[in-house]
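Here's the structure we're looking at; comments come further down.
The values are calculated or read from the model by the stated rules, or taken from the named source; none is laboratory data. These figures come from a predicted structure and were not determined experimentally. Every residue, glycine as well, gets a Cβ built from its backbone with ideal geometry; the counts of neighbours run over all protein chains shown.
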Amino acid sequence: MRFSECELDRYARQMVLAEVGGRGQEALRAATVLLVGVGGLGAPAALYLAGAGVGRLVLVDDDDVALGNLQRQVLYTTADVGRPKVEAAAKRLAALNPELALDPRRERFEPANGEALCAGVDLVLDGSDSFATRATVAAAAARTARPLVSGSVQGFEGQATVFAPHADAAAPCFRCLFPADPPADALPSCALGGILGPVAGQLGALMATEAVKWLLGVGPSLVGTLLLVDGRAARTDRIALARRPACPGHGAAHPDLNLRETSLAPAERKQ
Ligand SMILES: [Zn+2]
């Protein structure tokens, strides 16, 4: 038998789906996902990926749990305050699903370690909260030809997409959407800008759905589509993302994504 009785019980509600079945569950069990950041987006995403039986989760975050995190970072309890997030997260995820391999790494995702982190996984899920880190993750994922589920959230609003420029010649990359870095003071941090917890949960769950779909080979994915969530208006919108012909962000031929000479014009978008 390919699955233990325990596994069959645990995953019964998804294995019964035609899109999953035994073969899909095996694909999930064989997969490794890298979660960059286990905060407002990464925490709910990690819970769903662990629940779904993604076999190995690599958790990268150098923060400690703070009381102000608990309003949205659903992996943690008040007793975890002060503990490294990746330690508390690994303990919680192991309690949820002891079948998993967990690889907690208390470090930042940086250019120096990024490509090695991406190279060892099947898919990258980026829930980091700074533009600089998101750009670094996108560059490393593109260079190592790994699909990247990317999301962000602020206030009542969030957005998510999947970047896989290696898998589809027409697919846009992160730098098609954001040709240049914004000024350092252009985007408020989470602490300054505020964030509604359930909206982060909504986006994190959406990102986990895209990750599971990719690992199962179920489509269509959000490649080439930016999904916008407006929690205040209770609506979602889709924007088709175009690949920019001159974009240097695609693949190994363009290893240097330091685009300081690029103008700040917004990315080309087609409705
Ligand atoms: Zn591009």
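What the table below lists for this structure:
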item: Odd one out for residue 9 among (1) among the acidic types (Asp, Glu); (2) in contact with a Leu (Cβ under 7 Å, 6 or more places away or on another chain); (3) part of a helix (DSSP H, G or I); result: (2)
item: Test: residue in the range 208-215 that is within 16 Å of the ligand (Cβ to nearest atom) and out of contact with any Pro (no Cβ under 9 Å at 6 or more places or on another chain); result: no
item: Residue list for the range 3-56, restricted to those being over 30 Å from residue 105 (Cβ atoms) and either within 15 Å of the chain's Cα centre (by Cα) or among the basic types (Lys, Arg) (or both); result: 13, 23
item: Any hit, the range 174-183, residues being crowded, with 21+ Cβ neighbours inside 10 Å, more than 16 Å from the ligand (Cβ to nearest atom) and at pLDDT 95 or above; result: no
item: Scope the range 101-128; condition of a type in the set (A, V, I, L, M) and free of Cβ contacts under 8 Å to residues at least 24 places away in the same chain; matching residues; result: 112, 116
item: Members of the range 5-53 found to be within 16 Å of residue 148 (Cβ to Cβ), crowded, with 19+ Cβ neighbours inside 10 Å and not small (Gly, Ala, Ser), listed by number; result: 33, 34, 35, 36, 41, 49
item: Lone qualifier among 124, 153, 137 - being touching a strand residue (DSSP E or B) at 6+ places or on another chain (Cβ under 7 Å), within 16 Å of the ligand (Cβ to nearest atom) and under 25 Å from residue 50 (Cα atoms); result: 137
